[in-house]
1. Return the residues of region B:96-139 that are within 14 Å of chain A (Cβ to nearest Cβ), open to solvent by less than 30 Å² (accessible area, probe 1.4 Å) and of a type outside the set (A, V, I, L, M, F, W, C); say none if nothing qualifies.
2. Quick check: anything in region A:150-161 open to solvent by 10 Å² or more (accessible area, probe 1.4 Å), among the acidic types (Asp, Glu) and more than 14 Å from chain B (Cβ to nearest Cβ)?
3. For region A:98-108, enumerate the residues that are open to solvent by 30 Å² or more (accessible area, probe 1.4 Å) and more than 9 Å from chain B (Cβ to nearest Cβ).
4. Only one of these is modelled with pLDDT of 95 or more and in contact with an Asp or Glu (Cβ under 7 Å, 6 or more places away or on another chain): A:LEU122, A:LEU50. Name it.
5. From the list B:LEU222, B:LEU211, B:LEU207, B:LEU216, exactly one residue is closer than 18 Å to B:ALA33 by Cβ, part of a helix (DSSP H, G or I) and open to solvent by 60 Å² or more (accessible area, probe 1.4 Å). Which is it?
6. Would you list the helices (runs of 4 or more DSSP H) that sit entirely within region A:125-216 and hold 1 or more residues that are under 21 Å from B:PRO132 (Cα atoms) and in contact with a strand residue (DSSP E or B) (Cβ under 9 Å, 6 or more places away or on another chain)?
7. Any residue in region A:52-62 that is open to solvent by less than 40 Å² (accessible area, probe 1.4 Å), closer than 23 Å to A:ARG214 by Cβ and within 14 Å of another protein chain (Cβ to nearest Cβ)?
Amino acid sequence: MNAQLLLTSVQKCYGNKIGLELKKLALWPGRLYILTGPNGSGKSTLLNILALLTKPERGELMYAGERITWKSRELSLLRKKVTLMHQSPYLFAGTVSDNVAFGLKARGVSGEELRRSVAESLAMVGLDSFEERNVTQLSGGEARRVALARALAAKPELLLLDEPLAHVDKESAEVIEKLIASLPARGTTVVMSTHDQHQNDRLGGEMIQLHGGRLEQPFGLVDNLDTSECKVNGAPLCPALKMHIA
Amino acid sequence: MDFIRESFQTSLTLILALDRDVVSAVWTSVSVAVWSIILASLIGIPLGLTIAIGNFPLKRWVITSLNTLMAMPTVVIGLVVYGIISRQGPLGGFGLLFTPSAMIVGQTVLAIPIVANYTLSSIKGADQRILPTALTLGASPLQSVFQLIREVRFGIMAAVIAGFGRVISEVGVAMMLGGNIQGYTRTMTTAIALETSKGEFAFGLALGGILMTVALMVNLILNFMQQR
């Protein structure tokens, strides 16, 4: 089976500073990955690269075994499969329904199917009755849930979440966490960045730890080690961290 | 003071009587300005957008040039366009000089930097997350740009309003390229200049009042569109 997304020798710099440097990173379908690391460790950079919004200066990305060439038409097609929810999601001016329908309309969905998908997505985040509400009337937690519904509406194969629970009220956090945990079972691969080390205990995902733009290698692991036998704090190490010798 | 009061009375009479010269000047001014702002918007909005979101060499130089062009005196634009469309100019064969079309060309050139610059500023000031959000939700680059335009529509509308204000109130281009021909290329502003120089203060004042009223009405319409 091909990795859903495979990064090889990827490097992204900001001026003279290396923002991200990865030898190999593979994301497998239907998994939940928890991306952790201190501020400035490259989490957002990695998510932007995975979302195909930022092109690395060096390296290669493969989606389902196909090399990504970064051509405009190809990117437009791939971005219909990969969706990123930013740390502070931007909601377009208008109603909640307008926002949730955005990605669907971009995919040519219309009419009854559009209405049904919008309603289903809002129900998933517990905002059933919010369709006609203006986005300016939403609380921070509600806005985050609308952004999640919008991202889910288009049924992406790979969903990237940049700190989706930061500054969210308890009620919204519970709804979002429960929903995220259920996504891999529905076939959606999820990569979620967080500062909360305990989140993985609740969600049961696989850890990707970044430090200084590089993957951390706890317990002195080396690049070519078969990570299936490795344990981190008693839990199996993320297959995403499978590092192969190039 | 009597002089000003009498002028106001005369101007009111001219307006209420729908004086033929006044109506003609108003019609020429509004039609030329509307056509100019439509053309300037069709060129200036995409231009401002391209400069704002594009990365290309000499971008700063282009922005500086655009800022400079905003301050270009109308007579200079009139002079340059005159040189191009006059009989000896490269486009002399079209016979545009001293026609409303020539005025539209000149006023379009005048308004493009204003519309482009305001558009550029509104996009620069817009939330930087708009484009990436649209892209990551699966929109094509073109769909994403349309969404960006939708999000900054108030700023773009302000660009169009500013451009319209500039063209409807200018004298230099209309005078040099239109020739101030009565009933044909005479606009409100060129008529005001001419009539005042002849001592017809009341007529000039009437046109001044109408000019302000037209500007107010157009702005009210555009503001109404902004609110929607």
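1. B:SER122, B:THR133, B:THR136, B:GLY138
2. Among the residues of region A:150-161, not one is open to solvent by 10 Å² or more (accessible area, probe 1.4 Å), among the acidic types (Asp, Glu) and more than 14 Å from chain B (Cβ to nearest Cβ), which makes the answer no.
3. If the condition is that a residue be open to solvent by 30 Å² or more (accessible area, probe 1.4 Å) and more than 9 Å from chain B (Cβ to nearest Cβ), then A:ASP98, A:GLY108 are the ones that fit.
4. On the way: A:LEU50 fails: in contact with an Asp or Glu (Cβ under 7 Å, 6 or more places away or on another chain).
It is A:LEU122.
5. On the way: B:LEU222 fails: open to solvent by 60 Å² or more (accessible area, probe 1.4 Å); B:LEU211 fails: open to solvent by 60 Å² or more (accessible area, probe 1.4 Å); B:LEU207 fails: open to solvent by 60 Å² or more (accessible area, probe 1.4 Å).
One residue alone meets the criteria, B:LEU216.
6. By residue number, A:140-153.
7. Let us first name the residues in region A:52-62 that are open to solvent by less than 40 Å² (accessible area, probe 1.4 Å), namely A:52, A:54, A:56, A:61.
Add one more test, that the residue is closer than 23 Å to A:ARG214 by Cβ, and what stays is A:52, A:54, A:56, A:61.
Checking which are within 14 Å of another protein chain (Cβ to nearest Cβ) leaves us with A:52, A:54.
Yes, because at least one residue in region A:52-62 is open to solvent by less than 40 Å² (accessible area, probe 1.4 Å), closer than 23 Å to A:ARG214 by Cβ and within 14 Å of another protein chain (Cβ to nearest Cβ).
Residue-wise test of (1) of a type in the set (Phe, Trp, Tyr); (2) within 12 Å of chain B (Cβ to nearest Cβ); (3) touching a residue at least 12 places away in the same chain (Cβ under 8 Å).
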| site | (1), (2), (3) |
| --- | --- |
| A:SER76 | no, yes, no |
| A:THR83 | no, yes, yes |
| A:ALA93 | no, yes, yes |
| A:VAL96 | no, no, yes |
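The values are calculated or read from the model by the stated rules, or taken from the named source; none is laboratory data. Treat the numbers as computed from the prediction; the structure is a model and nothing was measured. So basically every Cβ, Gly included, is an ideal-geometry build from the backbone, and we count neighbours across all protein chains shown. Surface accessibility is based on the protein's heavy atoms, side chains included, excluding ligands, DNA and RNA. Shrake-Rupley method; radii C 1.70, N 1.55, O 1.52, S 1.80 Å.
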